[in-house]
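S.K.: First, the structure itself, so that you have it in front of you.
No lab work stands behind these numbers, since they all come straight from the coordinates. Keep in mind it's a predicted model, so treat the numbers as computed, not measured. Here the Cβ positions follow ideal geometry from the backbone for every residue, glycine too, while neighbour counts run over all protein chains shown.
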Amino acid sequence: MMHPILQAATSSTELGFPWWLQVTHLVNFLFLGLLVRSGWEILASHPRLYWRNDCGPDTEWLKFTKDKVPSEIGAFTARDDQRDLHPLISLPGRAKIGIGRAWHGLITTLWVLNGLIYVVLLFGTGQWRRLIPTSWSVFPEAWDSLKIYAGFGVPSIEHFQPYDALQQLMYTFVVFVLAPLMIVTGPVMSPAVVGRYPWYPKLFGGRQAARSLHFLGMAFFVVFAVMHVALVLLVHREHNLVHMMMGEEYDAALVGQAVTRVIVGVVVVVALWIAASYVSLIDVRKSQRVLYGLQAPIKKLVLNPMTSRQRARQVFTEDDISPFHWVNTRPPDLSQSPEWLALRDGGFRDFRLEVGGLVREPRSFSLDELREIAAQDQITMHTCMQGWTGIAKWSGIPLREVLAQVEPLEGADYVMIESFGTAQHMHDGRPVEPYYTVLTKAMAMEDETILAWGMNGAPLPEMYGAPLRLRTESMHGYKMVKWVRSVSWIHDYKEVGDGMGGTREDSGYQDMDARI
């Protein structure tokens, strides 16, 4: 009968550690670090986690801030809640959530691709046996290993073929349960996905529940990575390092090379993590263009066809309306728009929506005139790119009905909506300019793209954008201009502002297509 140590070595030799396994492990290590760090940047913009979709004060189950949210709407905004992390901690750091989201989206695609290659090769080469148990005995054996580790002991080498039972169960869970969980909960963060497929977030208990599960998965990945590295270095490290780094069984002559490869690999990966932050911050506009540009083909193929169907499918009822609804900004003050203040003081009786740009004949409409043209109600979920959500009933006129009142000229390819309010800051530090956003024709014509004059059965409150507020439910909230002044047909969004498609795109480095 073969000696246990020789049997373990034979099994390990049979499986080996092929080059593709080494490469995909290293790439996975790199990508996970980038995902975790960019995820922290996103979380820092709204450092609270909920199970409920309304995200009201004191409903979070976990928060990374001492700030307490008052129940008075607008006394404390979502922007006030944002935290500024150092570039050594998050990607890229310095409260650049737009670039953090760009990194997160791009690396997610690459991480999934690397994972698919790994799994295909795993089953195509028979390497699946290193992860997937083939006998029920793995459970009592894992329990024995757990007791040994709990007593600060180390299972003997014969338990590793190439992993002991406890490691095998853990790796199987990470590869075939945890990673898929992260993949399937990620799309729930997209307003286009949840608007188009309202049944999808319900699989996880709602959009905020999916966000919380996504966070817990990230936390598990971090803990697992620390434990994984610790076990490699503490449990039969010479055997582990030679096996992993050299693809061969233990040989004392190879230990030095294996250790060198580990040190070099870790140093290079950590350096790339940190370099990604600082390189991103050198020229933030260039980073925005490159990172979102690389994602554009995939978004065009997968996300662009998705439009919200929350109203048509009656996803929410008035019973679902959030008692508390976050806001991100406050109404214009005297320095920003004395014109808006004068209109407000007059109850907006003198307000007229200007509709013009590249049209044959510009027109303007009062609120009463807009109501006579068309009106619709929709109960929808507002999703902010910071992470919070809120459900409300919006009443207004479809934007396509407003646009139908004028005749666009040839070359009018985009629709710009401009606000009485202003940006909070500009990309290059110049004086702040009116807040605006630009929609493609397709975005402007969607069923749930409206100019809202009412909220929850009452006139639109000042804090939420009175007298008119854009609602485009397939997008994140930064596209939904408040305190709307005008609607204009334009030739190209690149000719307006800083040419990125809107104020938040110009100064917050977001993507013009806010579907994810």
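S.K.: Which value, in debye to the nearest 20, gives the size of the charge dipole of the chain about its Cα centre, when Lys and Arg are +1 and Asp and Glu are -1 at the Cβ?
M.R.: Working: 47 positive and 51 negative charges, 60 e Å.
Around 280 debye, computed over the chain.
S.K.: If r is the Cβ-Cβ distance from M445 to V177 and R0 is 51 Å, what FRET efficiency results, to the nearest 0.05?
M.R.: Efficiency, from the Cβ-Cβ distance: 0.75.
S.K.: Which of the lysines could a cross-linker bridge to K286, judged by Cα under 16 Å and excluding same-chain residues fewer than eight apart?
M.R.: Of all the lysines, those that pass the test against K286 - Cα under 16 Å, at least 8 places apart if same chain - are K96, K494.
S.K.: Need one number: nm distance between label points at T65 and L146, each 7 Å from Cα along Cα→Cβ, rounded to one decimal.
M.R.: 3.8 nm
S.K.: Each residue of the stretch 284-291 in order: what ³J(HN,Hα) in whole Hz does its phi give by Karplus 6.51 cos²θ - 1.76 cosθ + 1.60, θ = phi - 60°, with x for Gly and Pro?
M.R.: 5, 5, 5, 4, 4, 5, 5, 5
S.K.: Per the Cauchy relation, a quarter of the hull surface: what is the mean projected area of the convex hull of the alpha carbons in the chain, in nm²? Before the final figure, lay out each step's value.
M.R.: Working: hull surface 110.1 nm².
Directional mean of the projected Cα hull area for the chain stands at 27.5 nm².
S.K.: Right, another one. Find the relative contact order for the stretch 318-508 and round it to a whole percent, using C-alpha pairs within less than 8 Å whose residues are 6+ positions apart.
M.R.: After rounding, I find 25 percent.
S.K.: Let me ask something else about it. 5 Å is the cut-off here: which amide hydrogens, built 1.01 Å from N in the peptide plane, fall below it relative to F316, excluding neighbours closer than 5 in sequence?
M.R.: none
S.K.: Could you work out how much longer the chain between L110 and S364 gets when fully extended? Use 0.36 nm per residue separation minus the Cα distance between them, nm to one decimal.
M.R.: 86.6 nm
S.K.: Just to confirm the number: angle between the C-alpha axis of helix 97-124 and the first principal axis of the chain, 0 to 90 degrees, nearest 10?
M.R.: For 97-124 against the chain, the angle is about 40 degrees.
S.K.: Still on this structure: What is the distance, in nm, between label points placed 7 Å from the Cα along the Cα-to-Cβ direction at I117 and at V222?
M.R.: 2.8 nm
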